[in-house]
Amino acid sequence: MVAIKLHELSKSFQGPVINQLSLTIPDQQITALIGPSGSGKSTLLNMIAGLTTPDSGQISFDNQPIFDAATHWNQPPAQRHLAMVFQDFALWPHMTVQENVAFALEKHLTKPELTAQVNWALEQVSLIDFRHRYPRELSGGQQQRVALARALATQPDLILFDEALSALDPELRTRLQLEIRALIHDQHLTAIFVTHDRPEALQVADHLVLLQGGNVVQTGTPAQLYQQPKSQFVANFMGTLNQINAHQAIRPEYVAVSQTGTQQPTYQGLVQRSTFMGDHFDTCVQVGAYDWHVKTQLPYTTAPITLSIDPHQILTF
Ligand SMILES: Nc1ncnc2c1ncn2[C@@H]1O[C@H](COP(=O)(O)OP(=O)(O)OP(=O)(O)O)[C@@H](O)[C@H]1O
């Protein structure tokens, strides 16, 4: 439970990576940092964690400064009440599941407290029956659950996930996304999720922060970024876009093969191909200078086609 404020945060390595970035990350929500490769997502996460020192700016948790370049205040990572979960699980191979979860706790707790805390964390991730196993005896998904239990066991205010699910197969990944979402909300934690996977961000996050070149280009709910993008870049990043002209575009779900007598605006195109997608065909149509994608129930062969659009759904930039 912690609201995070970043104020005019900057970081350069060989060149600028984060540029005077100001941002509020809401309390008790899951915020996903998204953006193209190299946009600064991991750098931002590492600055919040205290693993990377910003060049300038301030970071505060619940209005308490944890970093201030001007006063040289830099709270050590261990005192920030946060936990991190990484893509590679980072488990100790020579320790059992319960030893891995207990490892970060042992200094602070009595034996009975420690056992209770570890068991509680393992129950949260449904791994209590696996507590005597070694990481090599677990699947990838189970290993990531151990990493999550280890994070929960420290009773953090904030959990940071850095591409935590990227190594898992799609089905497992979806299951863990839902489990993590439920856990974070049940425990009233704040979480920040770095992912390069847009469907994952939509599934997991309450709140999105889209970065481009070290700047925040838009924040909001997943639906706000998808339906009300502030720029062409945001619209493109959030999903497939059919360009109408230089300033207007429409999502594929609002384009249909025209029925005779339609009252909606129509466009003439030439079918390029139809690709089977399981529950629909992705039919690619050349409309003027642009390629459009249309969700159709049947495949179409190369031929002229008339498309209609829902004019209320046109995005204008
Ligand atoms: N420790 C470092 N030393 C030098 N350059 C770095 C360091 N960390 C990050 N960078 C550079 O900063 C830029 C942003 O990297 P960062 O990892 O934050 O981006 P990202 O958005 O998380 O990218 P990706 O999605 O590819 O992981 C990149 O150009 C990267 O090479």
State the Cα centre-to-centre distance between segment 221-271 and segment 152-170 in whole Å. 35
Per-residue ³J(HN,Hα) for segment 255-262, Karplus 6.51 cos²θ - 1.76 cosθ + 1.60, θ = phi - 60°, Hz, x for Gly and Pro: 10, 9, 5, 5, 8, 4, x, 4
Find which of 18, 6, 69 sits farthest along the positive direction of the dipole of the chain, computed with +1 on the beta-carbon of Lys and Arg, -1 on that of Asp and Glu, about the Cα centre. 18
Given charges at Cβ of Lys, Arg, Asp, Glu: the chain dipole, positive-most of 160, 118, 215: 215
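Apply the a/c threshold of 1.5 to the C-alpha gyration tensor of segment 125-178 and tell me whether it is rounded, prolate or oblate.
Details: a/c = 1.84, a/b = 1.01, b/c = 1.82.
Oblate shape, in that a/c is at least 1.5 and b/c is the bigger or equal ratio.
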Lys/Arg +1, Asp/Glu -1 at C-beta; segment 192-302 dipole; positive extreme among 248, 293, 196: 248
Between residue 66 and residues 5 or more places away or on another chain, the pairs with built amide H atoms under 5 Å apart involve 59, 60, 61
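For segment 180-250, just run the numbers: alpha carbon Rg, then divide by 2.2 N^0.38 Å, N being how many residues it has.
Values: Rg = 13.8 Å, N = 71, 2.2 N^0.38 = 11.1 Å.
Normalised Cα radius of gyration, segment 180-250: 1.24.
Run the helix sum for the chain: -39,500 (n - 2.57) per DSSP H stretch of 4+ residues, divided by residue count, reported at 222 nm to the nearest 500 deg cm²/dmol. Each step should come with its number before you reach the end.
Numbers: 8 runs with 80 residues, N = 317.
Dividing the helical sum by the residues of the chain leaves -7500 deg cm²/dmol.
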Distance cut-off 16 Å, percentage of C-alpha pairs in segment 249-316 lying past it: 42
Pull up the DSSP beta bridges for the chain and report the antiparallel fraction as a percent, rounded to 5. 75
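Summarise the accessible area of the chain (1.4 Å probe, protein heavy atoms) by the percent that is carbon and sulfur. Walk me through the numbers before you get to the answer.
On the way: 7940 of 15550 Å².
Whole-percent figure for carbon plus sulfur exposure: 51.
Within the P(r) computed for the chain, what percentage of the Cα pairs occupies the region above 35 Å? Walk me through the numbers on the way to the answer.
Details: 17405 of 50086 pairs.
Value for the chain (Cα pairs over 35 Å): 35 percent.
If R0 is 25 Å, what FRET efficiency do you get for residue 268 and residue 215 from their C-beta distance, rounded to 0.05?
Once rounded, the FRET efficiency stands at 0.05.
Please give the charge dipole size of the chain, origin at the Cα centre, charges +1 on K and R Cβ atoms and -1 on D and E Cβ atoms. Round to the nearest 20 debye. If you can, show how the numbers build up before the last one.
On the way: 19 positive and 27 negative charges, 52 e Å.
Dipole of the chain, to the nearest 20 debye: 240 debye.
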Can you work out ³J(HN,Hα) from phi for every residue in segment 163-169, in order, using Karplus 6.51 cos²θ - 1.76 cosθ + 1.60 and θ = phi - 60°, giving whole Hz and x for Gly and Pro? 6, 5, 10, 5, 8, 9, 6
Taking amide H positions as placed 1.01 Å from N in the peptide plane, with prolines and chain starts having none, which residues 5 or more places from residue 273, or on another chain, fall under 5 Å of its amide H? 284
To the nearest 10 square angstrom, how much accessible area does residue 5 have with a 1.4 angstrom probe? 100
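Would you mind classifying segment 87-235 by shape? Square roots of the alpha carbon gyration tensor eigenvalues, ordered a ≥ b ≥ c; an a/c under 1.5 is rounded, otherwise it is prolate if a/b is larger than b/c and oblate if not. Don't skip to the end; give the middle numbers.
On the way: a/c = 2.60, a/b = 2.06, b/c = 1.26.
Here segment 87-235 falls in the prolate category.
The values are calculated or read from the model by the stated rules, or taken from the named source; none is laboratory data. Remember, predicted model here, so these are calculated numbers, not experimental data. Every residue, glycine among them, receives a Cβ derived from its backbone with ideal geometry; neighbour counts consider all protein chains shown. Note: accessible area is taken over every heavy atom of the protein model, side chains too, but ligands, DNA and RNA are not part of it. Shrake-Rupley method; radii C 1.70, N 1.55, O 1.52, S 1.80 Å.
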